[in-house]
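Colleague: Before I ask anything, here is the structure I am working with.
What follows draws every value from the coordinates through simple rules; no lab data is involved. Everything numeric in this text was worked out from a predicted model, so none of it was measured. Note that each Cβ is placed from the backbone with ideal geometry, even for glycine, and that neighbours are counted across all protein chains shown.
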Amino acid sequence: MKFEVSSLEINTNERIEILDITDKVENIVNQNGYKNGILNLYVLHTTAAITLNEYEPNLEEDLKRIIKEIFKPDGNWKHNLIDNNAHAHLASSLIGNSRSLLIESGKIVLGTWQRILFIELDGPRKRMIKIVFIGE
Ligand code: ZN
């Protein structure tokens, strides 16, 4: 049984941005020879999130729109009195900052349209994702 931790660093370019990190995570799985187990990904930040969904340009725009509509970057949030990014903390909390994935026969098991999406909520920034593997 292996227990290994990898890091994935990414640079974001926009305040709210969605990046497909599936290929980068697959590279880590391949390079480390992970065969069967559980991969847990989590972002080391309070203003970013991670989800699994389709990576399609219109849906990407819809997702950014609903984040802005629900979490209102210009909203009258108390946290904005000390730091102008309450929307990002709130969205990170509700979308979630981690996901667990099944690795089977050396492949990440995903549905046909599922991709691993990193959601920047207060960029641009340098971001760190930890990838924990438990398995063989
Ligand atoms: Zn803040």
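Colleague: Count, please, the residues in the range 73-97 that happen to be more than 25 Å from LYS130 (Cα to Cα) and either surrounded by 12 or more Cβ atoms within 10 Å (Cβ to Cβ) or more than 10 Å from the ligand (Cβ to nearest atom) (or both).
Modeller: Number of matching residues: 11.
Colleague: Then there's this: Let me spell it out: the conditions are (1) of a type outside the set (A, V, I, L, M, F, W, C); (2) over 11 Å from the mean Cα position of the chain (by Cα); (3) under 24 Å from ASN53 (Cβ atoms); (4) away from the ligand (no atom under 16 Å from the Cβ), and ARG115 meets all of them except one. Which number is the exception?
Modeller: Only one criterion is unmet by ARG115, namely (2).
Colleague: From the list GLU69, GLU14, exactly one residue is exposed (fewer than 15 other Cβ atoms within 10 Å of the Cβ), in contact (Cβ under 8 Å) with a residue 60 or more places away in the chain and either under 16 Å from ILE119 (Cα atoms) or within 15 Å of the ligand (Cβ to nearest atom) (or both). Which is it?
Modeller: GLU14
Colleague: Taking the range 29-44, which residues are surrounded by fewer than 20 Cβ atoms within 10 Å (Cβ to Cβ) and not small (Gly, Ala, Ser)?
Modeller: ASN30, GLN31, ASN32, LYS35, ASN36, ILE38, ASN40, TYR42, LEU44
Colleague: Now a separate question. Note down all Cβ pairs under 6 Å where the first residue falls in the range 23-46 and is of a type in the set (A, V, I, L, M), the second is assigned to a loop (DSSP other than H, G, I, E, B), and they're at least six residues apart or on different chains.
Modeller: Taking only residues 6 or more apart or on different chains, the pairs are VAL43/ASN97.
Colleague: Still on this structure: Which one is surrounded by the most Cβ atoms within 10 Å (Cβ to Cβ), of the residues in the range 120-130 that are within 16 Å of the ligand (Cβ to nearest atom) and in a strand (DSSP E or B)?
Modeller: In this case the residue turns out to be GLU120.
Colleague: What single numbered condition from (1) within 16 Å of the ligand (Cβ to nearest atom); (2) of a type in the set (S, T, N, Q); (3) over 21 Å from GLY123 (Cβ atoms) fails to hold for THR46?
Modeller: That leaves (3) as the condition not met.
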